[in-house]
Structures are given as C-alpha cells and as structure tokens.
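> Quick one: the structure is below, and I'll ask about it shortly.
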Amino acid sequence: MLLELDGIGKTYPGVRALDDVSLTLHAGEVLGLIGENGAGKSTLMKVLGGVVPPSTGQIRLNGRSYDRLTVAEAQAEGIAFVHQELNLFDNIDVAGNILFGREPLRGGPLQLVDRKAAAEQVLPLLRRLGADFAPHTPVAELSIAQRQLVEIAKALVANARIIILDEPTSSLTLSETARLLTIVGELRASGTAIIYITHRLGEIIDCADRVVCLRDGKMAGALPHEEITHANMIRLMIGRELRALYTPPARPPGEGGLSVKGLVTSAFPHKQVDLRIRPGEIVGLAGLVGSGRTSLARALFGIDPPLGGEVLLDGQAVRISSPKDAVAAGIYLVPEDRKKDGLVLDMPIAENITLANLHHHARAGLVDRGAERRTAEAQGKALRIKAPGMEVAAGTLSGGNQQKVVLGKWLSMEPRVILFDEPTRGIDVGAKGEIYALMRALADRGVAILMISSDMEEVIGVSDRIVVMHEGRISGALQRDAFSEKAVLRLAIGQDGEAAES
C-alpha cells in the first residue's frame, strides 16, 4: 500500500469541507477522482499535498503515519502536482524549469548554473515523455500540451511516486490528449501511482484502474475497473441518473437567422466560410484546435473584424467591425475563457450582468443601482445562480455559476444569435446539464445558437446539426441521423473532400 487516507475530515468556520473520507492508492495504479465542483476534491488534494492540515484522520505514506503533512514532507514522500493552471516560468528555458531549485552548479565561490549539465540531465526525461522540444527551448515558445510535459518532467526529476493530474486535458487537442493518456499508461507501467482528476469521464474510462467519488465532502462510492461507465460515474457524482444529453427542439427551425457568405478571417486570409444558423437550432461547430473555429467566432463578434464576405441577419446585411456592432445587432459571444474574457472577477455579480447594457440601467449618466439589482436578481432566479447574493464578487463562484453570470449578461438583453465557445470547459457534470438545458430553452425561444466544442460527447449529444472546420474552411456538415465520432473526425482531418455549405 503506497498511500492510505483514513477518516480525513476538514472543517472551516461554518463549513465541513471533508467528512470522514478514506481512500487507498497502490504503486502502479491510476485512480480516477471524480465529483462535482465543490465536492471536496481540491481540499482533499491540499491535505495530501501538505497545503492545509486535516481536522481529523490519519495519512499513511510508504509505511509512515502522519496526523498532517507539511509541503516539504509531502514532496519528500514523493507527491507531485500537475495543476490545471500550469506553474512554470516563461522567462527561462525548459531545463531551468524542470530543475528549478536543484540546478547543477559550476565555478568557485560565485557559482553559476551549469547549463550544459542541466541539459544533459533533462534530455533523458524529455525523451522518455516523447517531447519534441529541446532542454534549452524557452518555455514561452511552448504550446499548452508541451508545457504539460514539462510539468510531468518536473515530477519525474523529483522522483515522484504519486503524481496528481488536475484537469490535465482541458486545453489539449484530441491527439495531444491521446498522447497524454499514453504517457499515463507508461508511468503506471513504471510503478508510478497517478491520481487523475477530470470532468471528462471518457478519459477516466480510458485510463483509470479504479474510481472514487466525492459528493458534498463525503465518499459517495467507488467503482472497480470493470464497473467504470458513464452511467455509474454520473450516478455517484449527482446521486441520480442524468437524462440523455439530447433534447429535441420544441419546433422546427425558423426562417432567417444568421447567414455567413464568403467570410474571410485574419487567421485564414485565403479561405472563405459559408455558414447558416437558423432560429431555434443548436449548430455544433467541431474541428481540431487551430482549425479556425475560434477565429470565426471572434470575427462574427467583431473582435477581429472580417477581411471579406458578408454577414446577414434575417436576410439583412450587417456590418460588424467591433463587438459594439455585434451587440447592437443581437450577436453575443460566450467566450472560451470566461475568467479572462467574459467576467470582471473582482466586480459583483450584479455589475457583471448589467455591464454590457449600462445605458438601460442609468439615469442622467449615473448607474441606477436599484434597476441594476432588479435585473440581476431576475437573471439570478431565472438561471438559478447559486450565490449568497448578487453583491458578491463573480470570482468567488464555481465555474458553472460563473458561466451562468456570463449568460445572464446577454439574456438581460435581446439575443438573436449566441456564440458559445467551449461552453462547459472546467464545469462539472451536473452544471453541464443545466447549461445544456439553458441552451435548448434559448433555441426554443427562437435564438440561433452556434456551439464550438472540443468535447466530442458534447458535440454529438447536444447539437441539432454539426458543422466541421478544417484549416479555415467548412469541410462538411452532418444531420443528426449521420452523427458519429468517426464521421466528425473524418471531416476534422479533411478526409471528405470539398467544403460543404452548411
């Protein structure tokens, strides 16, 4: 037994974050740790990493017992984290990041880092991970997937026996995800234990030997390898069956909507995009990362104005040269990075919700706080935003509730088209269901919806129609009766010939 957590509890003033949690981990085992946001996963990992002390319970590692761990003790016991928000220095190279704090030195009294020795020490680790970059490469030049390999190499150079991967594929392409899962398998074969935390349940099925689930700070159950299925994991996470992702539209799509003809984006100046989204339908936009999906959304919202072509709403041409133009036309964007691009995290929920429509909440040039509060409370009730009040900062909310605040900002106005870019990234399975239900309700109100997603299950499970991009153009479209992962992937890698108008 490599690790045993026995009866771990953690109490904060007025909150019991963990309640009698016990789990075990063996060398060479991949343990999937699942649970909705707020279930206690992060608190449990902080206890294991020595960041916070448990209120009750015992930690047994490598045959030694601890009432609590310090960070130094956790590291000495071989525990390493690879966080979702990667912890690297952009201004130094790969070797410097991997060996930070343990760099080989040379010289006399004024010792300097021996860069050649550092590179020689790091190179075997990079080769083991299949990295396609050199030890001297500046981290600033690496992709997200490459940076993730650097983080894993940091764990290996520290002789980690337990590696905790927290949402490791949230920003990776399909091929990069497949490579990471291969590396997880290789680490398992070498005897390294992995705790794998993700909301992408398909990855748990692919790599986990066993699953444990937390719900409301307590153990909700465990699954042996042969019982790891989507249905079983969802039942543990939310305590009930989750209905099928797809909800048929209340009525057939309407006429008009958004039409894009010969649109040229700055990312692909030699390619044209033709696209149609009718009122009342959810169109899934699939494609590999870099295929042009986000560039199209940015052009339609005026962040990067189109270089050519035309955009029509209900048959009338609209000129979009800025987000202000898009908002005025009723085209709204729910961005991929809600924290960076969709919210002002330090501002209250109410101010975030009315930010794009301040002139409707102002008198004589001053914000009418009463009107602002009424709008925010109405959206909070309609969207079931879980918060103590509309005056709390948006940054204190869970990912799902932050996404609802972004939606509330647009729904307080008059949307005609909503562009969702990775709408459920970093959101737990229960909150995902709520977001999908909101999207369907909007479509049933006559809103035209474009949903950009890298989650194949989401694209197939939520869309009425799928459009696929490849290298800046539409490579094809699929009606619902033709949906399959294979069909989407064929179009995503450009195998099906000429671009099809959708």
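The values are calculated or read from the model by the stated rules, or taken from the named source; none is laboratory data. If you're wondering where the values come from, they're calculated on a predicted model, not measured in any experiment. All Cβ positions, glycine included, derive from the backbone under ideal geometry; neighbour counts span all protein chains shown.
> Would you point out which residue out of L149, L142 is out of contact with any helix residue (DSSP H, G or I) (no Cβ under 6 Å at 6 or more places or on another chain), of a type outside the set (K, R), farther than 17 Å from F81 by Cα and at pLDDT below 90?
It is L142.
> Filter the stretch 1-37 for residues that are without any contact (Cβ under 8 Å) to a residue 40 or more places away in the chain and either over 22 Å from L165 (Cα atoms) or of a type in the set (K, R) (or both) and give the result.
If the condition is that a residue be without any contact (Cβ under 8 Å) to a residue 40 or more places away in the chain and either over 22 Å from L165 (Cα atoms) or of a type in the set (K, R) (or both), then Y12, P13, G14, V15 are the ones that fit.
> Please verify whether the stretch 187-199 includes one or more residues that are buried (at least 16 other Cβ atoms within 10 Å of the Cβ), under 28 Å from A492 (Cα atoms) and not assigned by TED's automatic domain parsing to the domain that holds G130.
No.
> On to the next question. Would you pick out the residues in the stretch 283-338 that are polar (S, T, N, Q), within 23 Å of G408 (Cα to Cα) and either surrounded by 22 or more Cβ atoms within 10 Å (Cβ to Cβ) or touching a residue at least 60 places away in the same chain (Cβ under 8 Å) (or both)?
T294
> Would you check which residues across the stretch 157-186 are crowded, with 19+ Cβ neighbours inside 10 Å, at pLDDT 85 or above, of a type outside the set (K, R) and in contact with a strand residue (DSSP E or B) (Cβ under 7 Å, 6 or more places away or on another chain) and list them?
Those that are crowded, with 19+ Cβ neighbours inside 10 Å, at pLDDT 85 or above, of a type outside the set (K, R) and in contact with a strand residue (DSSP E or B) (Cβ under 7 Å, 6 or more places away or on another chain): A160, I162, I163, I164, L165, V184.
> Here's a follow-up. Residues to consider are V429, V447, V462; find the one that is modelled with pLDDT of 90 or more, closer than 29 Å to I204 by Cβ and crowded, with 18+ Cβ neighbours inside 10 Å.
Residue meeting the stated conditions: V462.
> Give, as residue ranges, the helices (runs of 4 or more DSSP H) completely inside the stretch 51-145 that count at least 1 residues that are among the basic types (K, R) and assigned by TED's automatic domain parsing to the domain that holds T192.
115-128
> Follow-up question, since we're still on this one. What pairs come out if I take residues in the stretch 173-202 that are at positive phi and pair them with residues that are in a loop (DSSP other than H, G, I, E, B) whose C-beta lies under 6 Å away, six or more apart or interchain?
G191/A27; G191/G28
> Follow-up. When the stretch 372-402 is examined, which residues are found to be loosely packed, with under 15 Cβ neighbours inside 10 Å, more than 18 Å from G38 (Cα to Cα) and in contact with a strand residue (DSSP E or B) (Cβ under 8 Å, 6 or more places away or on another chain)?
Selection gives E391 alone.
> State which residue is nearest to the chain's Cα centre (by Cα) when the search covers only the stretch 165-189 and only residues that are closer than 22 Å to M45 by Cβ and among the aliphatic types (A, V, I, L, M).
Looking at the filtered set, the residue picked out is L172.
> Quick check on G49: is it on the phi > 0 side of the Ramachandran plot, touching a residue at least 40 places away in the same chain (Cβ under 8 Å) and touching a strand residue (DSSP E or B) at 6+ places or on another chain (Cβ under 7 Å)?
Answer is no for this residue.
> Hey, does the stretch 86-100 have a residue that's within 19 Å of I194 (Cβ to Cβ), under 27 Å from the mean Cα position of the chain (by Cα) and exposed (fewer than 14 other Cβ atoms within 10 Å of the Cβ)?
yes
The rows are residues; the columns are (1) more than 23 Å from the chain's Cα centre (by Cα); (2) outside any strand (DSSP E or B).
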| site | (1), (2) |
| --- | --- |
| M1 | yes, yes |
| E4 | yes, no |
| A17 | yes, no |
| S22 | yes, no |
| G28 | yes, yes |
| L31 | no, no |
| N37 | no, yes |
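> OK, next. Can you find even one residue in the stretch 293-305 that is more than 21 Å from V462 (Cα to Cα) and hydroxyl-bearing (S, T, Y)?
Yes, the conditions are met somewhere in the stretch 293-305.
> Let me ask something else. Restricting to the stretch 164-193, give me the number of residues that are part of a strand (DSSP E or B) and of a type outside the set (A, V, I, L, M, F, W, C).
The qualifying residues number 1.
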